[in-house]
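Colleague: I'd like to ask some things about the structure below.
The values are calculated or read from the model by the stated rules, or taken from the named source; none is laboratory data. The structure presented is a predicted model; accordingly, all values stated were derived computationally and were not measured. Backbone-built Cβ (ideal geometry, glycine too); neighbour counts: all protein chains shown.
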Amino acid sequence: MTVRLRAHHLLCLLTYVGRGYSPAFTANYDQVVKRLGEGEAVLIVSGPDDICAPLLGEPDPHCLRQSAAERDGLAARDVGALLGRTIEAGDRFVLAASSLSVMRKAFSAGLTRRACSGCEWSGLCDTVAAGGFSDTSL
């Protein structure tokens, strides 16, 4: 199996510390992180992914808004440039520990944070990055 991820969630995973929009969202996110930690491959998708799933039943879920798609585009370009590869819908790969380390260093340095502009979670992510990602789940 593969974990379906939209591109900007490649950044969100870097700072995930078990907090989310709701208990159902967090429980689902914990399962996604567990699967990735066990080496399950990522499949990049356009639009809502496995992390978004619990939000899709809400009225006007933010994962369907244009701003989420714009974040995906920015994240795909920045993470792709960092990793020396194209990140686009249909790509499959495993998030190796070495890639996560490179991505976290770039995130801390602000090199891959364009997609985070205006995100309600950016303050938490700043704190997690400043703390050396010590409490992250992945």
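Colleague: Can you name every residue in the range 64-76 that is in contact (Cβ under 8 Å) with a residue 24 or more places away in the chain and of a type outside the set (Asp, Glu)?
Modeller: 67, 68, 71, 73, 74, 75, 76, listed by residue number.
Colleague: In the range 29-46, how many are under 20 Å from residue 67 (Cβ atoms) and not in a helix (DSSP H, G or I)?
Modeller: 3
Okay, residues lined up against (1) in contact with a helix residue (DSSP H, G or I) (Cβ under 7 Å, 6 or more places away or on another chain); (2) assigned to a loop (DSSP other than H, G, I, E, B); (3) at pLDDT 95 or above:
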{"position": "48", "(1), (2), (3)": "yes, yes, yes"}
{"position": "51", "(1), (2), (3)": "yes, yes, yes"}
{"position": "54", "(1), (2), (3)": "yes, no, no"}
{"position": "57", "(1), (2), (3)": "no, yes, no"}
{"position": "60", "(1), (2), (3)": "no, yes, no"}
{"position": "63", "(1), (2), (3)": "yes, no, no"}
{"position": "69", "(1), (2), (3)": "no, no, yes"}
{"position": "72", "(1), (2), (3)": "no, no, yes"}
{"position": "75", "(1), (2), (3)": "yes, no, yes"}
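Colleague: While we're looking at this one, here's another question. What single numbered condition from (1) modelled with pLDDT of 95 or more; (2) exposed (fewer than 13 other Cβ atoms within 10 Å of the Cβ); (3) small (Gly, Ala, Ser) fails to hold for residue 41?
Modeller: If we test residue 41 against (1) modelled with pLDDT of 95 or more; (2) exposed (fewer than 13 other Cβ atoms within 10 Å of the Cβ); (3) small (Gly, Ala, Ser), just (2) comes out false.
Colleague: Then there's this: From the list 111, 82, pick out the single residue that is of a type outside the set (Val, Ile, Thr) and either touching a residue at least 60 places away in the same chain (Cβ under 8 Å) or part of a helix (DSSP H, G or I) (or both).
Modeller: The match here is 82.
Colleague: May I pose another question? When only residues in the range 10-38 that are within 11 Å of the chain's Cα centre (by Cα) and over 19 Å from residue 105 (Cβ atoms) count, which is surrounded by the fewest Cβ atoms within 10 Å (Cβ to Cβ)?
Modeller: Ranking the qualifying residues of the range 10-38, first place goes to 33.
Colleague: Let me ask another. Residues of the range 13-28 being in contact (Cβ under 8 Å) with a residue 60 or more places away in the chain and either in contact with a Cys (Cβ under 7 Å, 6 or more places away or on another chain) or in a helix (DSSP H, G or I) (or both), which ones?
Modeller: 13, 14, 15, listed by residue number.
Yes or no, residue by residue, for (1) farther than 17 Å from residue 5 by Cα; (2) of a type in the set (D, E, K, R); (3) in contact with a strand residue (DSSP E or B) (Cβ under 9 Å, 6 or more places away or on another chain):
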{"site": "58", "(1), (2), (3)": "yes, yes, no"}
{"site": "74", "(1), (2), (3)": "no, no, no"}
{"site": "95", "(1), (2), (3)": "no, no, yes"}
{"site": "116", "(1), (2), (3)": "no, no, no"}
{"site": "135", "(1), (2), (3)": "yes, yes, no"}
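Colleague: Something else: Quick one: residue 134 ticks every box in (1) assigned to a loop (DSSP other than H, G, I, E, B); (2) among the small types (Gly, Ala, Ser); (3) surrounded by 15 or more Cβ atoms within 10 Å (Cβ to Cβ) except a single one, so which number is it?
Modeller: (3)
Colleague: Can you name the residue in the range 60-72 that is over 12 Å from residue 119 (Cβ atoms) and buried (at least 17 other Cβ atoms within 10 Å of the Cβ) and, of all such residues, is nearest to the chain's Cα centre (by Cα)?
Modeller: 72
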